Every structure is written in structure tokens, then in C-alpha cells.
């Protein structure tokens, strides 16, 4: 009988978690109730106490409770949730996890969920689920369900929401994952403006016996790709679209953080890197563009996305940053640079065509790159099949130099 962890603050939301546990049991599963409350006594029976959770985090629960500092309590129990859920999952004692919460409960539970593997069922019913959930989901497959009303009692709205949420976690646990023939994995970064390049490269790599996982370079996509590289499951990295660094540097909405492009380098994973879409910085509708960028060159990608052309000065700094990241490489890596365009819209005759900016990027990148790292300059556009084929050839060559075993 599959067991589903029901984790929550049972001092303030015990009744609601007990309701979800009852629905789970009615579906024929067992429920393991984990209390992560701290301020008042739990209101329902539980299987794993807050004291056990606190000890797993190495914190003194009595001291935290006496101080009645909610922020400190949330931080401590989040650490405990990570330790407890990780241990339970590794031991095969749970097949899924569900939680209900407001701000504190969501922070605690999703911290624990983020520590669990991809594919492991995770459901969070939250008052925050209709807003920006990126801090709570991170790079994991956490299903966020809006609670609609506060998680405070069982009523005509919460009864429906919580029942369906319990049904969702049960269905996820019940659904077997079809088996398949596992192939060595290559991860790739893609944007709409580099789609043709990546799709052609993917087809060639699949013909060579690889499974290619494509990540959308939207900030979250880049972070997710980096996290997967760190797991050791990846045999090669086709990093065609490094555009997230333009947003990170200039202040767009799709930055992936200061560690982007470091995972493959630090872990010695064979890779190729190109300047895909470093010609653009992403904003939302035109009104979202800061006033300091007034007078710059823009392109309206769609009503909700405004692109801004990077300047020669910004491109020179991007070249330095990318070189700095790639210089960390402990494995084989190749940089490929298409001179005629970095994206669809920077090709000759297109709105972001700027040979001066592109040359500043090329010159800076090459001058700051380690001398032993190949830097291939190709006289073509990034979406030219010739460029995709060159990327594949270089990546396969790097893999042959240092093959990464399938985990």
C-alpha cells in the first residue's frame, strides 16, 4: 500500500491536513502525518512529531518555541522538512507528499519538496499559488494548487479544493511511469530565436543514439538545466542559447542567476557554448521597460514581450563573463561563434542586426578565453544548418575525449 506524507503546521492547520489524510485513506493509501508547527500545540494526532523534525535539523525546538519568533521557526522547520523528507524518500517509506499552507507553511513544505527527486509526486495547496511561485517551486516539479480561500476550516470551497488536491496526489502516486530504453542524455538550451538550430542539432544527436532534453532559456529553464547537469545524469551540454546572461547583466526579466554556465564547467561535462540570443534583453510589455533605457533599440516580440538590443559595451562585458565561466572548465569544451547573426532578428536586414556589437562580443570573449579552449568562428547565421552541424560535430568530439557514463 503506497504511503503519502501529509506535512504541515498542525498547530494552525491540523483540521485541514487531517481532512486530506482521510481522503487519501479512502482511496486505499496510507497517510504519514508530519507536524512542522512550532508556536502552539498540535491539534491532531501525528506520526512524526515536530520534536523529531527539529532534531533532524539540529535545532533546539524549546528555544525556538520560547522565543516565538515566526521567521526563525519557519527557517528551522524548513531545514527539518528537508532532512525528514529526504530520509523517508531514500528509505522508500513514502511515495508522495502533500501539504497545505499560507506563507510560512508553503515556505517550509516546498523547501522539503525541493529536496526530492524529479518525478517524485509533490503537491502544495497554497494561498500563494496564484502569484509568483518561482521561489517555492525552484527547479523541481512541484504542483502548486491555489487554495482560493485561506486554509482555515472546511467549507464549501475548501472541501472541493482539498478533496481534489488529495485526489491529485493519489493519482500521481498510482500512475506508473512507463519504462523505456534509457539512452545517454544531452541537455540543450533553446529560445524561439534559436529553435531551428537546436532542432536540427537535436535530430542529428538523436540519430547518434542520444536522448536530447531541451530547456527554454527563460531563467528557470537555465537554472533547471544547470541543476540536472549537477546530478551526473548528463553526458553532454549543447548550450546554444546563453541569452539569460544578457538579462542577468543588463536587468531583464529572464536572468538565470550568477552561476549560469558553471555546472558543466565545474563537473567536467563535455560541452559546446555559443552566443545564442545574446543580442537581446527581455522585458514584458513596453511599459515595463525602465526609463533609463529610453532611446534604445527595441523589438516587440509579442504583446507581452519587449526585446531590447544589447549595446557594444554590454556585449564586450558579456564576452568577458562567458569567458570567465568557461575558463572554469575541467572537461572538454568548445566555443562556436556565428558571425552573421546571434538570433533570427540579428541577421542582415533584421531589426537587431548590429555587426559592431557582435564583433565586440566576439573580440572580448576570445581575448578573455583560456588559450587551450577552442574558439571556432563560422561565417554563417546561428540558425544555418551548417552551424548546427558544427555544434554537433564539436560536442560529439568532446564526448569522445571524455565520455560520461550513464548513471
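The values are calculated or read from the model by the stated rules, or taken from the named source; none is laboratory data. This is a predicted model, so every value here is computed, not measured. Reconstructed Cβ throughout: ideal geometry from the backbone, glycine too, with neighbour counts over all protein chains shown.
Please determine, by comparing only the residues of region 23-42 that are more than 27 Å from residue 69 (Cα to Cα) and in contact (Cβ under 8 Å) with a residue 12 or more places away in the chain, which one is surrounded by the fewest Cβ atoms within 10 Å (Cβ to Cβ).
Narrowing region 23-42 to residues more than 27 Å from residue 69 (Cα to Cα): 23-32.
Now drop any that are not in contact (Cβ under 8 Å) with a residue 12 or more places away in the chain, which leaves 23-24, 27-32.
On the way: 23: 20, 24: 24, 27: 17, 28: 10, 29: 20, 30: 14, 31: 22, 32: 18.
Out of the qualifying residues, it is 28.
Among what's in region 85-94 and is in a helix (DSSP H, G or I) and touching a residue at least 60 places away in the same chain (Cβ under 8 Å), pick the residue that is farthest from the chain's Cα centre (by Cα).
88
Of these, 342, 336, which one is assigned by TED's automatic domain parsing to the domain that holds residue 251, over 23 Å from residue 268 (Cβ atoms) and either buried (at least 23 other Cβ atoms within 10 Å of the Cβ) or touching a residue at least 12 places away in the same chain (Cβ under 8 Å) (or both)? If you could, list the steps in order and put the result at the bottom.
Values: 336 fails: over 23 Å from residue 268 (Cβ atoms).
Checking each option against the conditions leaves just 342.
What residue, of 74, 123, 97, 82, is outside the structural domain of residue 230 (by TED's automatic domain parsing), under 23 Å from residue 58 (Cα atoms) and part of a strand (DSSP E or B)?
97
How many of the residues making up region 38-67 are at pLDDT below 90, more than 32 Å from the chain's Cα centre (by Cα) and outside any helix (DSSP H, G or I)?
Number of matching residues: 3.
Any idea which of 19, 10 is assigned to a loop (DSSP other than H, G, I, E, B) and touching a helix residue (DSSP H, G or I) at 6+ places or on another chain (Cβ under 7 Å)?
Of 19, 10, the one residue that is assigned to a loop (DSSP other than H, G, I, E, B) and touching a helix residue (DSSP H, G or I) at 6+ places or on another chain (Cβ under 7 Å) is 10.
Taking region 191-224 as the search range and keeping residues that are part of a loop (DSSP other than H, G, I, E, B) and within 20 Å of the chain's Cα centre (by Cα), which one is surrounded by the fewest Cβ atoms within 10 Å (Cβ to Cβ)?
Taking the candidates together, the pick is 218.
Of all residues in region 349-378 being out of contact with any helix residue (DSSP H, G or I) (no Cβ under 9 Å at 6 or more places or on another chain) and assigned to a loop (DSSP other than H, G, I, E, B), which is nearest to residue 401 (Cα to Cα)?
Residue satisfying both the conditions and the ranking: 372.
Based on this model, can you work out whether residue 134 counts as surrounded by fewer than 21 Cβ atoms within 10 Å (Cβ to Cβ), closer than 26 Å to residue 1 by Cβ and out of contact with any strand residue (DSSP E or B) (no Cβ under 8 Å at 6 or more places or on another chain)?
So residue 134 does not fit the description; no.
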